[in-house]
Amino acid sequence: MNSPWKKSFAAALFLSAFPLIAQDAPPKAPAPPQVQQLAPGIFQVGTVKLDKNKQTLSFPGHFHITESLIEYLIVTTAGKLHESLLRTEVQPQHIQVAMLLLGAKPAPADQIQRLLNDPTLPIPGESAEIELRWKIGAKEHSARIEDLILDKKAKGPMPKGAFVFNGSRIFEGTFIAQRDGSIVSLITDADAQFNNPRPGRDDDENFTVAKDKVPPKDTLVEVLIRLVKPAAKPTAK
C-alpha cells in the first residue's frame, strides 16, 4: 500500500474533500501521508490506525490538563496546550485522510463560512463518538471523553453524545487544523476538525475537567474515534 500512486491518491483525497474559503490561489499540495494496509480493512495513515470494518480510527496521546477550565479536548503539541485535556503528536492531516477513507465528508464551504461568522449556529458535519483508553499500572481504564468533563450549563457531567466532524478548512493554501493544532474543540471553532454540538459551546468558561475521573498528567492514552452513520430509513413496501 506504499506505491507512489497510492500516496498521490491520499493527497488527492485530502485536498478534494476540503471546504475552500476565500482562496486567492490554488492550495499547495501537502506532503502525502504514508498509507499502509496492515490487514484486510485495517490501514495505517501516518501514525493513525483505521479500521474500516468497525468504522474507527485511533491514535496515541497524553493527558495534559487534569483540572481547571478547558476549551479543547484534543490538540497537537503545537496547539493550545494551556486549554486542552489531551495533547498528541499525531498530525491533523493524517486524521483527516483517515476520516475520509472511512467515508466521512467535511462540512461544505458555505456552511463553514456561516459558522465562522456566527459560532452559535448548529455545527455542520458528521457524527463521531470519542472514547479514551489508558492504563494505571496493570489496570486498564476506558471512558467516553465527555464523561471526563463537567458542564456548567448542564449543572453536572457533560451530556453523553457524539461530536461533529466538520473537517476544518484550507485557507490560502494552508490546512488550518494542521497550522493551529486544533483537533477536537469544546468551544465552537470552525477551524478545528471536530466540534462539540451541545449547548454552552459559546461560553469559554462553561467546561472544566472532572479531576476525580482523570489520571495524572502525562498518562499515555489511546484515542478511539468512531464514525456514527445515521440509521438507514426503512424502505417502503
Can you tell me which residue in segment 210-222 is surrounded by the fewest Cβ atoms within 10 Å (Cβ to Cβ), limited to those that are within 21 Å of the chain's Cα centre (by Cα) and over 19 Å from T76 (Cβ atoms)? A210
Select from segment 65-74 the residues that are hydroxyl-bearing (S, T, Y) and over 14 Å from the mean Cα position of the chain (by Cα) and write down the one among them that is surrounded by the fewest Cβ atoms within 10 Å (Cβ to Cβ). S68
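How many residues does segment 137-177 hold that are of a type in the set (A, V, I, L, M), assigned to a strand (DSSP E or B) and modelled with pLDDT of 95 or more?
Qualifying residue count, segment 137-177: 4.
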Checked segment 34-64 for anything buried (at least 21 other Cβ atoms within 10 Å of the Cβ) and of a type outside the set (F, W, Y); matches are V35, V45, V48, L50, L57, G61, H64
From S185, S168, which residue is out of contact with any Asp or Glu (no Cβ under 6 Å at 6 or more places or on another chain) and under 18 Å from F59 (Cβ atoms)? S185
Tell me yes or no: at least one residue of segment 192-202 is among the aliphatic types (A, V, I, L, M) and crowded, with 23+ Cβ neighbours inside 10 Å. yes
Consider Q93 carefully, then state whether it is over 24 Å from P159 (Cα atoms), touching a Phe, Trp or Tyr at 6+ places or on another chain (Cβ under 8 Å) and without any contact (Cβ under 8 Å) to a residue 40 or more places away in the chain. no
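Is there a residue in segment 96-104 that is surrounded by 15 or more Cβ atoms within 10 Å (Cβ to Cβ), over 16 Å from the mean Cα position of the chain (by Cα) and among the small types (G, A, S)? Walk me through it before giving the result.
To start, the set of residues in segment 96-104 that are surrounded by 15 or more Cβ atoms within 10 Å (Cβ to Cβ) comprises 96-102, 104.
With the extra rule that they be over 16 Å from the mean Cα position of the chain (by Cα), the set shrinks to none.
Scanning segment 96-104 turns up no residue that is surrounded by 15 or more Cβ atoms within 10 Å (Cβ to Cβ), over 16 Å from the mean Cα position of the chain (by Cα) and among the small types (G, A, S).
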Hits in segment 109-136 - residues which are part of a loop (DSSP other than H, G, I, E, B) and of a type in the set (S, T, N, Q): T120
Could you please tell me which pairs satisfy a Cβ distance under 8 Å, a separation of 6+ or placement on different chains, a first residue in segment 200-223 that is part of a loop (DSSP other than H, G, I, E, B), and a second residue that is exposed (fewer than 12 other Cβ atoms within 10 Å of the Cβ)? D202/T120; P215/I136; T219/I136
When P108 is evaluated against the numbered criteria (1) within 14 Å of N195 (Cβ to Cβ); (2) modelled with pLDDT under 95, which criterion, by number, is the only one it fails? (1)
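Could you list, in sequence order, all residues of segment 35-61 that are assigned to a strand (DSSP E or B) and of a type in the set (K, R)? Let's see the steps before the verdict.
We begin by selecting, within segment 35-61, every residue assigned to a strand (DSSP E or B); these are 35-39, 42-45, 48-51, 56-61.
Correct list: K49 only.
If I ask for residues that are of a type in the set (A, V, I, L, M, F, W, C) and over 24 Å from M99 (Cβ atoms), which ones from segment 118-166 would you list? Steps first, please.
To start, the set of residues in segment 118-166 that are of a type in the set (A, V, I, L, M, F, W, C) comprises 121, 123, 128, 130, 132, 134, 136, 138, 143, 145, 148-150, 154, 158, 162-165.
Across segment 118-166, the qualifying residues are I136, A138, L150, A154.
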Going through segment 110-142 one residue at a time, which ones are small (G, A, S) and buried (at least 16 other Cβ atoms within 10 Å of the Cβ)? G125, S127, A128
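The values are calculated or read from the model by the stated rules, or taken from the named source; none is laboratory data. Since this is a predicted model, take the numbers as computed values, not measurements. Counting neighbours? That spans all protein chains shown, and the Cβs are built from the backbone with ideal geometry, glycine included.
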